[in-house]
1. Under a point spin-label approximation (7 Å from Cα along Cα-to-Cβ), what is the Tyr40-Asn82 distance to one decimal in nm?
2. Got a sec? Charge dipole of the chain, +1 on Cβ for Lys and Arg, -1 for Asp and Glu; which of Ala252, Thr16, Asn267 is way out at the positive end?
3. For the chain, report the % of Cα-Cα distances exceeding 25 Å.
4. What ranking of Ser250, Ser43, Ser12 comes out by heavy-atom accessible area, probe 1.4 Å, highest first?
5. Could you please put Lys135, Lys165 in sequence from largest to smallest accessible area, using a 1.4 Å probe?
6. Looking at Asn136, Pro4, Gly149, which one has the Cα that reaches farthest to the positive end of the dipole of segment 1-151 (charges on Cβ: Lys, Arg +1; Asp, Glu -1)?
7. At 0.36 nm per residue, minus the direct Cα-Cα distance, what do Phe119 and His242 gain on full extension? Give it in nm, one decimal, please.
8. So, in segment 119-195, how many Lys pairs have Cα atoms under 12 Å apart, if the pair is 8 or more places apart or on different chains?
Amino acid sequence: METPIIYALSDSLGETAERVARAAASQYDQEEFQIIRVPYIRSEQQIEDIVQEAEKNHAMLCYTIISPVLRRKLKELTKLVNVTVVDIIGPMLQGVSKITETEPTMKPGMIHRLDEEYFKRVEAIEFAVKYDDGKNPLGFLKADIVIVGVSRTSKTPLSMYLAHKRIKAANLPLVPEVNLPSELFEIPPYKIVGLIIDPFKLNFIRSERLRAMGLDANASYANIERINEELEYARGVMRRIHCPIIDVSSKAIEETANLILDIVKRNAEIYPED
């Protein structure tokens, strides 16, 4: 007896059709099946050729074709021949349409575009973790944006927020006693954003941070004179590298992130080669 053949057709990759075919075939553990994936179907001629081949091989067809034209052609042809055919995605589309008022895009490969977006987001999150707090300045050269500012200006939360928007962000704390990495001067100024903040706002934030850690809220870290010294140093660095500056004193993380996203978007339009 010949091995039964199942053709898994799609106008995209065809992974879904193949998986469904294999899942169904696996229920017949005493039988072996040959499952042939046929991806990227783009023409009616391809449909005709596959239907003819399936009829010749006494095969079955299953499909996740989205194109209305190709779906219609496949249905017309399979009515004329002795070929079993299963529409995998059609009933789902009809079902979903009953619980939503929106129309399907009818574009093939959308699930893979979503997968690609997911992996870009994961990659950006891993990047933000790896190059957080100036750990490895080499990351500045690979980043979409580098955020600089004194401690407690929300550099890390901003980097993570941007990562969820698929933006690779690195950040660097500016401390007067710590030398600036050379990499900071190897990237164009438009890829850097400086954060400043009202000294009394920062004094409050740092004091609360020290209290939460069980430390003396009056330590030099939260001393207003020390804070003014750090902020003056930070402004000097930002003037030196000529980067855009955002005052975060009264801004939520989301608001600051949106301003940075605007900068990244504008950079992409003006400097597409980067």
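The values are calculated or read from the model by the stated rules, or taken from the named source; none is laboratory data. Predicted model, so just to flag it, every value in this text is computed and none were measured. Virtual Cβ from ideal backbone geometry, glycine too; neighbours counted across all protein chains shown. The area values use the complete protein model at the heavy-atom level, side chains included, leaving out ligands, DNA and RNA. Shrake-Rupley method; radii C 1.70, N 1.55, O 1.52, S 1.80 Å.
1. Placing both labels 7 Å beyond Cα along the Cβ direction yields 3.5 nm.
2. Of the candidates, Ala252 comes out farthest on the positive side.
3. For the chain, the share of Cα pairs beyond 25 Å comes to 62 percent.
4. In descending accessible area the options line up as Ser250, Ser43, Ser12.
5. Most to least solvent-accessible, the answer reads Lys135, Lys165.
6. Gly149
7. 40.9 nm
8. Here the count comes out as 7.
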